[in-house]
1. Select from 144, 205, 56 the residue whose mean-square fluctuation is largest in a Gaussian network model of the chain (Cα-Cα springs shorter than 10 Å).
2. Compute, for segment 2-239, the length of the dipole vector about the Cα centre, with Cβ point charges of +1 (Lys, Arg) and -1 (Asp, Glu) only. Units Debye, rounded to 20.
3. Calculate how large, on average over all directions, the projected area of the Cα convex hull of the chain is; give the answer in nm² to one decimal.
4. Going through segment 1-99, which GluC sites (Glu not before Pro) have at most 10 other Cβ atoms within 10 Å and a DSSP loop state?
5. Taking only C-alpha pairs under 8 Å that are 6+ residues apart, what is the relative contact order of the chain in percent?
6. Can you check how the C-alpha radius of gyration of segment 125-243 compares to 2.2 N^0.38 Å, as a plain ratio?
7. Where a Cα-Cα gap under 15 Å defines reach, which aspartates and glutamates qualify for residue 94, not counting those fewer than 8 residues away within the same chain?
8. Between residue 218 and residue 239, what is the label-point separation in nm under the 7 Å Cα-to-beta-carbon projection?
Amino acid sequence: MKTFSMTHIGQRRETNQDYMYTSETAVGNLPNLFLVADGMGGHAAGDYASRFTVERIVEYAREAAKSEPVAVLKEAIMYANRLLIDEAHADVSKNGMGTTIVATVVVGDRLYTANIGDSRLYIINQEQIVQVTRDHSLVEEMVRLGEMDKEDARMHPDKNIITRAIGVVPEVSADFFETVLKPGDIVMLCSDGLTNMIEDDEIKRIVLSQRDIVEKTESLVETANKNGGRDNITVVLIEPFSDEEMN
């Protein structure tokens, strides 16, 4: 496995409210763990929310008795959500803070993913780019109901309004996905600061046109910034089969 990650403040923001965590080695009973969070809230509350949530998920995973990835991620997210709500209640300056989360674990040729909000996970290969996660956003709900098409949703002024986040309600529900990986697949976790600036087909072209995983990541962030960089940008790339011989 090869991985590389990068976060950037972008061109318009004064703070970076994204936060990420990557570990190619075991975290508790999980063989690896990758997380991207995109915080929301005024002043320092957004970056506090994303960092706090990621740290609590990692903390829980390290101590979890269970080993099944979905069970660990589910309980870790619930744990982080409860504690973030407590933090907001204890400090009026953090009222209204919250964060998205996308989390994944690679186990052999299986990928176990959880998400809340509009941070995403993609699988990219020579044939296609596929968004595995589903956005919890106002415009995505309208797309699902047939009230808006995908292209209009991409440019809609309300596209950043999310319908589900960590730290908002006592019982939060993540979506979970199990994906079978194939040799040549590249996994990408990202915040919407990337996907709002670069269309999926262009993401695929950039990733496949660079030989090195570092160059792939840097090129994605650079392109998002060149296209306007209106938000913080975070990218985590994973090449699960990079150490295996290809026939």
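All of the numbers you see were taken from the coordinates with simple rules; none came from a lab. This one's a predicted model, so the numbers in the text were calculated from it and none came from an experiment. Cβ: placed from backbone, ideal geometry, glycine included. Neighbour counts: every protein chain shown.
1. 144
2. Dipole magnitude for segment 2-239 comes out near 260 debye.
3. 13.0 nm²
4. Here the sparse-neighbourhood loop sites are 14.
5. Rounded, it is 26 percent for the chain.
6. 1.15
7. 47, 86
8. 1.5 nm
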